[in-house]
Structures are given as structure tokens and as C-alpha cells.
1. Tell me which residues, restricted to the stretch 192-223, are under 20 Å from His94 (Cβ atoms) and in a helix (DSSP H, G or I).
2. Looking for something in contact with a Phe, Trp or Tyr (Cβ under 6 Å, 6 or more places away or on another chain), touching a residue at least 12 places away in the same chain (Cβ under 8 Å) and closer than 17 Å to Asn10 by Cβ - is there at least one such residue anywhere in the stretch 110-117?
3. How many of the residues in the stretch 161-189 are over 19 Å from Val7 (Cβ atoms) and open to solvent by 30 Å² or more (accessible area, probe 1.4 Å)?
4. With the checklist (1) crowded, with 24+ Cβ neighbours inside 10 Å; (2) modelled with pLDDT of 95 or more; (3) farther than 23 Å from Glu16 by Cβ in hand, flag the one item Ser154 doesn't pass.
5. Could you grab me the full set of residues in the stretch 190-201 that are among the β-branched types (Val, Ile, Thr) and open to solvent by less than 10 Å² (accessible area, probe 1.4 Å)?
6. Test of understanding: among Gln194, Gln118, which residue is away from the ligand (no atom under 15 Å from the Cβ) and either modelled with pLDDT of 95 or more or within 14 Å of the chain's Cα centre (by Cα) (or both)?
7. Across the stretch 202-216, which residue is surrounded by the most Cβ atoms within 10 Å (Cβ to Cβ) among those that are within 12 Å of the ligand (Cβ to nearest atom) and over 14 Å from Ala140 (Cβ atoms)?
8. Any residue at all in the stretch 74-96 that's surrounded by fewer than 19 Cβ atoms within 10 Å (Cβ to Cβ) and within 16 Å of the ligand (Cβ to nearest atom)?
Amino acid sequence: MLDVPIVILNVKCYEEATGEALNRIIEAMNKTSLEYGVSAAIAVQASDIYRSSLVSKIPILAQHVDAVDYGSFTGHILPEAVKFAGAKGSLVNHSEYRLELWAIDSIIKRLKSLELTQVICSNNDDVSRAVAAFEPDFVAVEPPELIGGDISVSKAKPEIVSNSVEKVKGISKRTKVLCGAGIKNSEDVSKAIQLGADGVLLASGIVRAKDLYGACEDIFRGI
Ligand code: G3P
């Protein structure tokens, strides 16, 4: 289990985080999380897990794994393979890669059996409640309409954050709750924490920032 409060950065498939460019982001996240003494993790593309794990002191996560076992599957991402590559866990059911409930259940069980952290994304309160029943390590609530925008979930929809915290913890005491979408600065982060969240899941606020270090510092300062 990763420590909380936590900042999880999902670099998605942004050009700014592909190839060589990813190294700068990993370095900035490592330095600023250490400087502020705040727990952090980075979810990278599957092809980057191995090399990222070699250079990062903070945990590397997969952005997705498939509900498949060893065997005759092509083009899938095997949970065991991301563990061998160095990942400490995975995002599951991101709004940009939604899964059916049976697959979420199966993936959570596989990740737990491999002792990999499970960060289950949810797009609303009802989905948060449904996935909390699987007792994952984290549920990350992200209203899809705010993803990639400039208005944060903690400011635009504070009730979604506080409701999710209450509902998820009412179902699974062990599960930590994150919020994400539009998180851009320390105010967005501190508001999320005030609403009861155990941290944030963000992407463009850091990956697409003109001043990468400044953006990282601002986010970590909010915790
Ligand atoms: O996984 C994080 C994400 O979906 C939020 O994206 O760009 O709104 O921080 P962004």
C-alpha cells in the first residue's frame, strides 16, 4: 500500500511524456516529492514501465492491466508482466479506458494476489460505491467532463469528492479515496484534502505545464 496523502501523476499518452521527455517528468516528480516529503507515484505507458522503474525512486504504476492470465492472448497487458517490469501497482477503469464490472473485480483480485497496489477510477458516486465493495487500496473519483480542463473537481464539484469519501469509507474502511480532474494548483489540492480525500490523481497540470518544476512544487505544496 502506498503512503497517504499522495500525489499520483498519470502521464497518459501525452507527447510531453513520451520517449526521452518522460525522464524530465520522472526527475521533477522525484525531486519535488522528496523536497516536500510527500508520497507520490507515476503511472506511465506500459512500454515505459521497465526503464522508468530503473530510474525512479518513487513508485511506478501501470495505466492499465487486462483481466487475462498467462496463455494465448495477444496485445494484452498481463498483471504479472507489469510486476516483473517493476510496476508497484496499476490504475484500473480510467475514464479513458473503462471496463465492465466483472473485469474490474477480476483485475483487483489479480493485483491483490500479486501484492500490487490497485487504484480504481470511478466517474461518479454510484460507480465509487460499486467498486468500493471490492475493497481496493484506492478509489479515485474523476468526473469525466472535468478531465483535462482548467476547473478542478475540488472546486467545481466539491460534493462529489465529499460524497465519494463518505460512501467509499462506509463500504470499505481500508480503501483510500483520491480525486482528480482539472487539478492544477496547490489550492485545488488543499481543497481536495479538506474535503476528506487522501490525495489527488492528476495529469495535464504537470505533464503539460510550461514550468514543470514550478507545477510540481505548487501541487506538492498543496498537500
Ligand atoms: O488520470 C488523471 C486524469 O484523468 C485527470 O486528468 O488532466 O484533468 O489532471 P487532468
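1. Ala192, Ser204, Gly205, Ile206, Val207, Ile219
2. No.
3. 9
4. So the condition that Ser154 fails would be (2).
5. Across the stretch 190-201, the qualifying residue is only Val200.
6. Values: Gln118 fails: away from the ligand (no atom under 15 Å from the Cβ).
Going through Gln194, Gln118 in turn, just one is away from the ligand (no atom under 15 Å from the Cβ) and either modelled with pLDDT of 95 or more or within 14 Å of the chain's Cα centre (by Cα) (or both): Gln194.
7. Within the stretch 202-216, the match that is surrounded by the most Cβ atoms within 10 Å (Cβ to Cβ) is Ile206.
8. yes
The values are calculated or read from the model by the stated rules, or taken from the named source; none is laboratory data. Please read these numbers as outputs of a predicted model, since none were measured by experiment. FYI the Cβ positions are ideal-geometry reconstructions off the backbone, even for glycines, and counts take in every protein chain you see. Remember, those area values only see protein heavy atoms, side chains included, never the ligands or the DNA or RNA. Shrake-Rupley method; radii C 1.70, N 1.55, O 1.52, S 1.80 Å.
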